[in-house]
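Below is one structure; the comments refer to it alone.
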Protein chains: 2
Amino acid sequence: MRTTVLLSGGLDSAVLAARLHHDGHLVSALSCDYGQRHRRELAAAAAVAASLGVSHRVINLSGVAAAMDPDSSALLGSAAVPHGHYADDNMAVTVVPGRNLLMLAAAAAVASSRGDEVVAIAAHAGDHPVYPDCRTEFLDAAQAAVALGTPTLDVVYPFAHFSKADIVAEGARLGVPFGLTWSCYEGGAVHCGRCGTCVERAEAFAVAGVEDPTLYADSAYAREVTGR
Amino acid sequence: MRTTVLLSGGLDSAVLAARLHHDGHLVSALSCDYGQRHRRELAAAAAVAASLGVSHRVINLSGVAAAMDPDSSALLGSAAVPHGHYADDNMAVTVVPGRNLLMLAAAAAVASSRGDEVVAIAAHAGDHPVYPDCRTEFLDAAQAAVALGTPTLDVVYPFAHFSKADIVAEGARLGVPFGLTWSCYEGGAVHCGRCGTCVERAEAFAVAGVEDPTLYADSAYAREVTGR
């Protein structure tokens, strides 16, 4: 099955890309530029795709972001990215309204125009509490909408029931170069170690018992918050 | 219900906008620039929105079109726009893969970021034969995906079971300025009168018994093809 993967440059989609590549399905990778402040992840996505030897395209969705209210998400505007654990209430400001449907719809348009058969997305269980568009119910509905709108295309989300630690363990088995991936919402020179995605990343390596190659500006914070 | 309408600049969405405005729900209109060759419709959309006194935004989706294979649709590339009736097999080349899901997803992101409650789309029954993403099954699935991904937002498609003639009749009752709208896929100075959407437009006015104010370069062709 000719599969294209939504590759954010983060850890989860890098592992999914590696798995699809290992299974012989991966033909290309798509990243979305939606005006995210952590644009550094786009360079990480390019590096991950290059490490797998698959073509990589960036879909420019900045026109959508430009029409959105920039104050609707801390990932779009200038509001501070909150520190702490994903499960905290303050993480709600990192939701980008409708992001996964937009990325899936854009990927579906591009993939189907190019004759691909499957779009894969690495949404996973750990994202559930704050992000409605990472839940299985949403993914099932989006899969149905894509299949009915572009009948030659399927959407798959094999990590829907994985924890992030499960994904790290899978990546370790596949030899994923974790050091190429980027998670931090701050988008600075190194991972901040304090935002929700940095804390989740560090915790996942600790839980999986896999060495974390990430350089965090604050390497103690995640342990303090999560107790891992 | 604070409603934003997907306003293409064509006849159907102009009538839907007028109906929502008449019912007191319409707060804004959104158009999508997806690199369509008939970009003239965007100016028509602006004129229709201005006639209703609602704000109008164009969402720039040209970055998605840029990543697509331009030969996947006659509306994107340089391939000839086919002449004839929508029901003809040759109209398949006017399908833009995944267009309605992309436009709905983009509108959902923008509308929910701005606190709107409903996105309305004027997809209708007459579009069914060639466009999978105008069918009710697709619209139901897209509605579910939007509601699960952005829980504050609903999608409505009140014309799903209308014929285009029904829409013209509704527009006539509401006093829609049909002359402001643009359908033709060729995007020339006047409507060509020969492409699928021109033929459908002329036929709809004839069936509805409403005077057609459209200036067609070829005003006889639609009658020859449809017998109306």
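Each value in this text was obtained by applying a stated rule to the coordinates, not by laboratory testing. The structure presented is a predicted model; accordingly, all values stated were derived computationally and were not measured. Glycine also receives a Cβ, built like all others from the backbone with ideal geometry; neighbour counts cover every protein chain displayed.
Near residue A:32, the amide H atoms lying under 5 Å from its own belong to A:59; only residues 5 or more places off or on other chains count, and H is placed 1.01 Å from N. Among residues other than residue A:202 with Cβ under 15 Å from its Cβ, the summed charge is -3 (Lys and Arg +1, Asp and Glu -1). Given R0 = 41 Å, the distance between the Cβ atoms of residue A:161 and residue B:37 translates into a calculated FRET efficiency of 0.40. Remark: the Cα gyration tensor places the protein assembly as shown in the prolate category, a/c being 1.5 or greater and a/b exceeding b/c. Note on region A:3-226: dipole from Cβ charges, positive end direction compared against A:157, A:70, A:113; the farthest Cα belongs to A:113.
Could you grab the relative contact order for region A:3-226? Cα pairs under 8 Å, six or more apart, rounded to a whole percent. The normalised contact order for region A:3-226 reaches 23 percent. Could you point to the residue in A:59, A:95, A:79 farthest towards the positive end of region A:1-117's charge dipole, with +1 and -1 charges on the Cβ of Lys/Arg and Asp/Glu respectively? Highest projection toward the positive end goes to A:59. Taken about its Cα centre, the protein assembly as shown carries a charge dipole of roughly 700 debye when the Cβ of each Lys and Arg holds +1 and the Cβ of each Asp and Glu holds -1. Label position 7 Å from Cα toward Cβ: report the copy-to-copy distances for residue A:117 in nm, one decimal, ordered from shortest. Those label-point separations list as 4.5 nm. Our helix-only sum for chain A, with -39,500 (n - 2.57) per DSSP H run of n ≥ 4 divided by its residues, gives a mean residue ellipticity at 222 nm of -12000 deg cm²/dmol. Both radii were evaluated on the Cα set of region A:3-226; the Rg over Rh quotient, with Rh as the Kirkwood radius, amounts to 0.94. Compared with the direct C-alpha span, the chain from residue A:22 to residue A:174 gains 53.9 nm at full extension, assuming 0.36 nm per residue. Computed from backbone phi, the HN-Hα couplings of region B:130-140 come to 9, 9, x, 8, 10, 6, 4, 4, 5, 4, 4 Hz, rounded to whole numbers (Karplus: 6.51 cos²θ - 1.76 cosθ + 1.60, θ = phi - 60°; Gly and Pro given as x). Considering only B:167, B:59, B:121, the Gaussian network model of chain B with Cα springs below 10 Å gives its largest mean-square fluctuation to B:59. Legend: calculated FRET efficiency, residue B:71 to residue B:228, from the Cβ-Cβ distance at R0 = 35 Å, rounded to 0.05, equals 0.55. Taken as Cα centroids, region B:51-106 and region B:176-228 sit 19 Å apart, rounded to the nearest whole angstrom. Work through the residues other than residue A:152 whose Cβ is under 10 Å from its Cβ and net out their charges, Lys, Arg +1 and Asp, Glu -1. My count for the surroundings of residue A:152 gives -3. Basic side chains Lys and Arg get +1 at the Cβ, acidic Asp and Glu get -1 at the Cβ, and with that the dipole of chain B about its Cα centre reaches some 500 debye.
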